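The values are calculated or read from the model by the stated rules, or taken from the named source; none is laboratory data. Fair warning: this is a prediction, and the values are worked out from it, not measured in the lab. Virtual Cβ from ideal backbone geometry, glycine too; neighbours counted across all protein chains shown. Keep in mind that these areas ignore ligands, DNA and RNA; they rest on the heavy atoms of the full protein, side chains included. Shrake-Rupley method; radii C 1.70, N 1.55, O 1.52, S 1.80 Å.
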Amino acid sequence: MLAKKAYKFRLYPNKKQMELINKTIGCSRFVYNYFVGKQKSKDAYWHIANEMVQNGQLTENNWKGEFFNKNQSIKAVRELKKHYSFLKEVDSIALQKSVEIVNDSYTRYYKKQNGEPRFKSKKNPVQSYTTKWVNGNIAV
């Protein structure tokens with residue numbers, strides 16, 4: 001019989017590491033909220049045009065309410081880094097993962113599995129980000 005084991009660790013980062021972790025959490029939240037807001041405005045335009053069609057003000061809804069596109073959004077993170085220099089200081093994979101989380105939440109929303117994604121708050125007691133281990137970027 002094969003036994004599976006799990007290990008639980010508690011890490012105590014120093015002040016410099018704690019500052020970088022907090023910056024990464026904040027930037028991940030910023031990117032998540034940016035793309036959620038962008039998609040909410042697209043959805044709002046689509047709903048406004050749809051109401052105008054129902055009221056007879058427009059003949060058809062030409063506003064194409066497109067689904068969230070993950071690949072375009074990951075490319076847009078590069079453009080965000082040009083406008084917001086603080087995004088360059090943190091792990092880029094964590095920012096890309098935030099976009100993937102937005103994509104997953106909107107995919108579930110459009111399939112009517114979950115509710116509409118909400119903005120992340122700094123006041124929430126649970127703050128986290130997700131990253132990947134690539135080329136030794138994480139060491140314990």
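What the table shows:
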quantity: Dipole of region 18-140 [Lys/Arg +1, Asp/Glu -1 at C-beta], most positive-end residue of ALA49, SER73, PRO125; calculated: PRO125
quantity: Dipole of the chain, positive direction: furthest Cα of VAL134, HIS83, TYR32, with charges on the beta-carbon; calculated: VAL134
quantity: Pairs from LYS40/LYS120; LYS70/LYS123; LYS75/LYS120; LYS16/LYS132; LYS42/LYS111 whose Cα-Cα separation, in the structure shown, is over 25 Å; calculated: LYS70/LYS123
quantity: Computed FRET value (nearest 0.05) for TYR45 with SER85, which takes r as the C-beta separation and R₀ as 41 Å; calculated: 0.85
quantity: Kirkwood hydrodynamic radius of region 34-140, from inverse mean 1/r over distinct Cα pairs, in Å; calculated: 16.3 Å
quantity: Cβ crowding within 10 Å averaged over residues, with 7-16, 90-99 ranked highest first; calculated: 90-99, 7-16
quantity: Nearest-0.05 FRET efficiency for LYS75 and VAL53, computed from C-beta distance (R0 35 Å); calculated: 0.60
quantity: Extension gain, GLN113 back to PHE67 (0.36 nm per residue minus Cα-Cα distance, nm); calculated: 15.0 nm
quantity: Centre separation in Å (Cα based) which lies between region 1-37 and region 48-118; calculated: 23 Å
quantity: Heavy-atom accessible area per residue - the chain, 1.4 Å, Å²; calculated: 80 Å²
quantity: Whole-percent carbon and sulfur share, accessible surface of the chain, 1.4 Å; calculated: 52 percent
quantity: Helix 70-83 vs. the chain, principal-axis angle (Cα, 0 to 90°, nearest 10); calculated: 70 degrees
